[in-house]
1. Of (i) 20.6; (ii) 18.9; (iii) 19.5, which is the value of Kirkwood radius over Cα pairs in Å derived from the coordinates here?
2. Determine the distance separating the Cα centre of segment 137-198 from the Cα centre of segment 67-100; give it in Å without decimals.
3. Can you give the helix-only mean residue ellipticity at 222 nm for the chain, where every DSSP H stretch with n ≥ 4 adds -39500 (n - 2.57) and the sum goes over all residues, rounded to the nearest 500 deg cm²/dmol?
4. Summing Lys, Arg as +1 and Asp, Glu as -1, what charge do residues with Cβ under 12 Å from the Cβ of Q152 carry, Q152 excluded?
5. Work out the length of the dipole vector of segment 140-225 about its Cα centre, built from +1 on the beta-carbon of each Lys and Arg and -1 on the beta-carbon of each Asp and Glu, and round it to the nearest 20 debye.
6. Which value, in debye to the nearest 20, gives the size of the charge dipole of the chain about its Cα centre, when Lys and Arg are +1 and Asp and Glu are -1 at the Cβ?
7. Where the accessible area of the chain is counted over protein heavy atoms with a 1.4 Å probe, how much of it, in %, is carbon and sulfur?
8. If I take the Cα coordinates of segment 26-154 and project them onto the principal axes, what are the three extents in Å, biggest first?
Amino acid sequence: MQRRFYQVDVFSDTPYKGNPLGVVLDGQDLQKEAMQDYSLWSNLSEVTYVLPATEQQADFRFRIFARQHEYRFAGHPALGTARAWLEAGGVPRNPRQLVAQCGAGLVPINIDGNLLSFASPPAIRSGELEPGELAELVGILDIDPAAVKDAQWVDNGPGWAGILLENSEQVLDIVPKIPQRPGRWKIGVFGALPQERWPEKFEVRALTIEDGALREDPVTGSLNGAGTQWLIDAGYASAPLVNCQGAKAGRDGQVHVSVAGNQLWVGGATSILISGTIEL
């Protein structure tokens, strides 16, 4: 059947320089296999499906698919789906904050014009990487182990492992290698930008290796959320700050991170670039 569809650009003020997201506005009656099929066919990093909320506090519910994988939570899908829901006529109970329901639970999203910010959920896995795990990631990144300033699990849903390098130049110089053994890896790399030019900013790259293929995510909300929380907790950063991501993918992503009370908020510009219908 014909279903309403938007494609949203997330985390950039410049059209086509952020991270695209496909949003199917009516996901009711769709089987999981159909959701996976479209996500894989679309070649987008993620696709979401909007559904009626099952929690009283939520304005809507959505499911997230990255190719054949379903995620409990991911950042740019949360913001892009919220923008699509608002554009389609959704009216939140609170005009300054909507509540989205996903596999990770309820996610508050602040509304400030074109800028949307989600409450970053707590990590479901944190702590140091095992020496063997870190050695494998260093091998994939093809970097000197001495270049690693710190490393930790920063997984709030998709499975990220975080690597901190000394500076942004080292991050941008990475040319990853696909490992010989089969498996799936999600690696987030951070490096501080020059302070004289970009105070309180980090360069970020998000790399996924799966089925012998490498994908670089243009701009990644979940990684910036959990990863920046780690950097703040470890004393490497303070909020508010703005992270840059996407340079190696031809993008210009800007991820705004702030803290209110004990809650970390991750936000960016969102805009609808394609609207229409999709046959599903």
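The values are calculated or read from the model by the stated rules, or taken from the named source; none is laboratory data. Just so it is clear, the structure is predicted and the values come from calculations on it, not from any experiment. Don't worry about glycine lacking a Cβ; one is built from the backbone with ideal geometry, like all the others, and counts go over all protein chains shown. For the accessible areas, the whole protein counts, side chains as well, though only heavy atoms, and no ligand, DNA or RNA atoms are used. Shrake-Rupley method; radii C 1.70, N 1.55, O 1.52, S 1.80 Å.
1. Comparing each candidate, only (ii) matches the computed number.
2. With segment 137-198 and segment 67-100 each reduced to a Cα centre, they are spaced 29 Å.
3. Details: 5 runs with 53 residues, N = 280.
Taking each H run of at least 4 residues, the total per residue is -5500 deg cm²/dmol.
4. -4
5. Values: 9 positive and 14 negative charges, 52 e Å.
It comes to approximately 240 debye.
6. On the way: 23 positive and 33 negative charges, 120 e Å.
Using only the charged Cβ atoms, the result is roughly 580 debye.
7. Working: 6020 of 12480 Å².
Carbon and sulfur atoms account for 48 percent of the accessible area of the chain.
8. Principal axes ranked by extent give 52, 33, 25 Å for the Cα atoms.
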